[in-house]
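Undergrad: Starting off with a structure, shown below.
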Amino acid sequence: MKKRDNICKFVDGLKSKQILTTNFVYENNLKDFISVGNPKNNAMYLVVDGEGALVMQHLKKDLAKGTLFFTFEEISYRIENAENLSYMYITFTGERTKELFDRFLISFANCTFKGCENLICFWQNCLEKATPQNLDLLSESALLYAFSFLSVTHENNEQYLINEIIKYIDDNFTNSALSLNSVAEEFNYNAKYI
C-alpha cells in the first residue's frame with residue numbers, strides 16, 4: 001500500500017439540524033402502477049431493476065436501473081411499472097431536508113438522477129443488515145451517502161439540468177409542437193427562465 005500524507009479536513013459550519021428517516025423499503029413484483037396521494041414525507045427512491053416512469057402532476061420522467069429519484073411531501077405522484085420495475089426507497093423529513101434539496105438543486109423539475117447504479121449494493125446491504133436497534137442509523141446513512149454521491153456524480157446540477165434540456169430538445173427536434181413553452185412545461189419552469 002502506498003504511503004500517504006496525513007489528511008485533515010474540517011467541516012465548515014456544523015449544524016445540529018436533523019433529518020429523520022421514517023421508512024426503508026424494498027419493493028418488487030409491482031402491479032401496473034402505484035399511486036400515492038399527498039404523502040406526509042419526502043422520499044428518495046433508487047431503481048434496482050426494470051423500467052417504469054414517475055408521474056407528478058403533468059411531469060413524467062423515465063425510470064431505469066440506477067435512477068435515483070425524489071418525491072415530495074404533499075405532492076401526489078404515481079410510479080408506473082413498464083417492465084419488472086423494482087426499487088428501494090427511504091422516506092424522510094426534518095429541518096435539514098430543505099438545506100439538502102437546495103444544496104443539490106433538487107426540485108420538482110430536477111428530481112431524477114441517472115447513473116447511480118453504484119448505490120444499489122450499498123442500499124441492499126444496509127437494508128439486509130437492518131435490525132430494530134440499528135435501522136435509524138442504517139437508513140440515515142444510506143440516505144446521506146446517496147446525497148453525497150449526487151455531489152460527485154452531478155458536480156454541477158445546473159449544468160446537468162441544462163444537458164437534460166438539450167437532450168430533450170435533440171430527442172424532440174422533429175416534433176412540430178416543440179417550442180420554448182413546451183420545453184418549459186416539460187421541465188416545470190416558466191419560459192422566461194429557460
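Undergrad: Tally time: how many residues in the stretch 179-194 are at pLDDT 80 or above, assigned to a loop (DSSP other than H, G, I, E, B) and within 12 Å of ILE165 (Cβ to Cβ)?
TA: Residues that pass the stated criteria total 0.
Undergrad: Continuing with this model, one more query. Counting just the residues of the stretch 1-59 that are among the β-branched types (Val, Ile, Thr) and over 27 Å from LEU135 (Cβ atoms), which one comes out modelled with the lowest pLDDT?
TA: Among residues in the stretch 1-59 that are among the β-branched types (Val, Ile, Thr) and over 27 Å from LEU135 (Cβ atoms), the one modelled with the lowest pLDDT is ILE7.
Undergrad: Another question, then. Which condition from (1) buried (at least 20 other Cβ atoms within 10 Å of the Cβ); (2) in a helix (DSSP H, G or I) is the one that PHE70 breaks?
TA: Here PHE70 meets the rest and fails (2).
Undergrad: Further, regarding this structure: Can you tell me which residues in the stretch 53-67 are open to solvent by 10 Å² or more (accessible area, probe 1.4 Å) and either touching a Ser or Thr at 6+ places or on another chain (Cβ under 7 Å) or part of a strand (DSSP E or B) (or both)?
TA: VAL55, LYS60, LYS61, ASP62, ALA64
Undergrad: If you don't mind, another one. Please determine, by comparing only the residues of the stretch 102-132 that are closer than 17 Å to TYR89 by Cβ and free of Cβ contacts under 8 Å to residues at least 24 places away in the same chain, which one is surrounded by the most Cβ atoms within 10 Å (Cβ to Cβ).
TA: If we take residues in the stretch 102-132 being closer than 17 Å to TYR89 by Cβ and free of Cβ contacts under 8 Å to residues at least 24 places away in the same chain, then PHE122 is surrounded by the most Cβ atoms within 10 Å (Cβ to Cβ).
Undergrad: While we're looking at this one, here's another question. Which ones in the stretch 35-52 are part of a strand (DSSP E or B), open to solvent by 10 Å² or more (accessible area, probe 1.4 Å) and either of a type in the set (Lys, Arg) or touching a Lys or Arg at 6+ places or on another chain (Cβ under 6 Å) (or both)?
TA: SER35, ASP49
Undergrad: On to the next question. Take the residues in the stretch 168-178 that are open to solvent by 50 Å² or more (accessible area, probe 1.4 Å) and of a type outside the set (Val, Ile, Thr), then tell me which one is nearest to MET56 (Cα to Cα).
TA: Residue satisfying both the conditions and the ranking: TYR168.
Undergrad: If we keep just the residues of the stretch 133-158 that are modelled with pLDDT under 75 and either buried (at least 17 other Cβ atoms within 10 Å of the Cβ) or over 17 Å from the mean Cα position of the chain (by Cα) (or both), which is farthest from GLY66 (Cα to Cα)?
TA: ASN157
Undergrad: Since SER182 meets every condition but one in (1) open to solvent by less than 60 Å² (accessible area, probe 1.4 Å); (2) touching a residue at least 12 places away in the same chain (Cβ under 8 Å), which condition does it not meet?
TA: Tallying (1) open to solvent by less than 60 Å² (accessible area, probe 1.4 Å); (2) touching a residue at least 12 places away in the same chain (Cβ under 8 Å), SER182 fails exactly one: (2).
The values are calculated or read from the model by the stated rules, or taken from the named source; none is laboratory data. The shown structure was predicted, so the numbers you read here are calculated from the model rather than taken from an experiment. All Cβ positions, glycine included, derive from the backbone under ideal geometry; neighbour counts span all protein chains shown. With ligands, DNA and RNA removed, areas are computed over all heavy atoms of the protein, side chains included. Shrake-Rupley method; radii C 1.70, N 1.55, O 1.52, S 1.80 Å.
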